[in-house]
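First up is the structure itself, then whatever we jot down about it.
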Amino acid sequence: MKITAQTRPLGLIGHPVSHSKSPLMMNAAIKKQQAPFVYLAYDIVPQQLKQAVQGLRTLQFQGFNVTIPHKVAIMDYMDEIDETAEAIGAVNTVVKRNGKWIGTNTDGLGYLRSLQEEMNLNLTEQRVVIIGAGGAARAIGYVLAKAGVAHITIINRTIYKAEHLATHLSQWSNGIEVRSLADAKVQIKKATCVINTTSVGMHPHVEEMPIDADWLHEDCIVSDLIYTPSRTKLLHAAKDKGARIHNGMGMLLYQAAIAYEHWTGNKAPVATMRAALLET
Ligand code: NAP
């Protein structure tokens, strides 16, 4: 990677960021394409957010990623918020266009691209169950509803949060239902795609799973946003039932690939980025 006076900065802001795999993926892509950028991670505490954003502007960043805990607060400092970020209610990518900073969100589309490329499925024919009703569920629910998935059931431990999300998503689909976690057996038995968006099963709680394994079946894709471990207890149970499985690594990869495409205008070298991700 050749750094010259023309090299423009890109980066990630969050707190903490030391665990992030984004610099590895992004710099591998930059190196592969000899793109005139460099990508660094910055640990910014919430009290420093405004100052940090002003600094990035002054230093002529071409764009940056935003992670926890700034995905909502950053919206106050954008010149524009695009439709996707508005619908999701959070920004994970900032892009400079005509001198303006535009906040967008690549999480949902990254997930969708991963699901389509890795599972090769026709979305409109799916009956989807989303487990969880937090930020990730909102991003995924939005892109699935926009993509024309006819049936989406949201199940969540705290039912009012699922109801709130369903009301929001009903702007884009009239096929949204809500069930409690305990009452989701019938929906899961009928589902063609079950997506876990909760943190249940994530390291170090690897023995936990969000639903009863007996509800899973072979005519179904089971997808888990978690990538540590790469195969959760839910995915092990799904595999045992003969279901096709999909983990969260692809979402991590493609949300980065789409951000890279926004900044550089190039098609992202996904294989290179995937290799960088898997190397770690
Ligand atoms: P969030 O907004 O905090 O939402 C968490 C969700 O998990 C809520 O629905 C919550 O239910 C549920 N939950 C948490 N603990 C639970 C438990 N013990 N039993 C049942 N439900 C439980 O978090 P998020 O941002 O949506 O992230 C959720 C997961 O997605 C995390 O594991 C995160 O690492 C993963 N993720 C992965 C990627 C990727 O690139 N692969 C990207 C984003 C997120 P309540 O409403 O009842 O609290």
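Round to the nearest 10 and give me the degree value, 0 to 90, for the angle of helix 135-146's Cα axis relative to the longest principal axis of the chain.
The angle comes out near 80 degrees.
Which Rg and Dmax, in Å, describe the Cα atoms of the chain?
19.1, 61
In a GNM of the chain with a 10 Å cut-off on Cα contacts, which of 165, 252, 56 has the highest mean-square fluctuation?
56
Expressed as an acute angle from 0 to 90° and rounded to the nearest 10, what is the orientation of the C-alpha long axis of helix 107-119 relative to the principal long axis of the chain?
Result, in degrees: 60.
Any idea how far the Cα center of region 39-116 sits from the one of region 134-193, in Å?
Using only Cα atoms to place each centre, the spacing works out to 26 Å.
In a GNM of the chain with a 10 Å cut-off on Cα contacts, which of 110, 132, 55 has the highest mean-square fluctuation?
Taking springs between Cα atoms under 10 Å, the residue moving most is 55.
Cross-link candidates for residue 190: which lysines have Cα within less than 25 Å, leaving aside residues fewer than 8 places away along the same chain?
Answer for residue 190, where 25 Å is the Cα cut-off: 146, 161, 233, 239, 241, listed by chain and number.
Loop-only trypsin sites (Lys or Arg not before Pro) in region 1-84, please: DSSP not H, G, I, E or B, and at most 12 other Cβ atoms within 10 Å.
Working: sites: 2, 21, 31, 32, 50, 57, 71; in loops: 2, 21, 71.
Sparse-neighbourhood loop trypsin sites (Lys or Arg not before Pro): 2.
Springs between alpha-carbon atoms under 10 Å, Gaussian network over the chain: tell me which of 42, 142, 111 tops the mean-square fluctuations.
Residue with maximal mean-square fluctuation among 42, 142, 111: 42.
Please determine, in degrees from 0 to 90 and to the nearest 10, the orientation of helix 270-279 with respect to the longest principal axis defined by the Cα atoms of the chain, where the helix direction is its Cα long axis.
Compared with the principal axis, the helix lies near 80 degrees.
Relative contact order of the chain: what whole-number percent is it, with Cα pairs under 8 angstrom and at least 6 residues apart?
Details: 550 pairs, mean separation 47.8, N = 280.
Computed value for the chain: 17 percent relative contact order.
In the structure displayed, which of 32/100; 21/185; 31/71 lie more than 30 Å apart, Cα to Cα? Provide the component values of the computation, followed by the final result.
Working: 32/100 28 Å; 21/185 36 Å; 31/71 28 Å.
21/185, as the Cα separations exceed 30 Å there.
Rule-based calculations on the coordinates, nothing more; no lab input. Computed from a prediction, not measured in an experiment: that's the story for all the values here. Methodologically, a virtual Cβ is constructed for each residue, glycine included, from the backbone with ideal geometry; neighbour enumeration extends over all protein chains shown.
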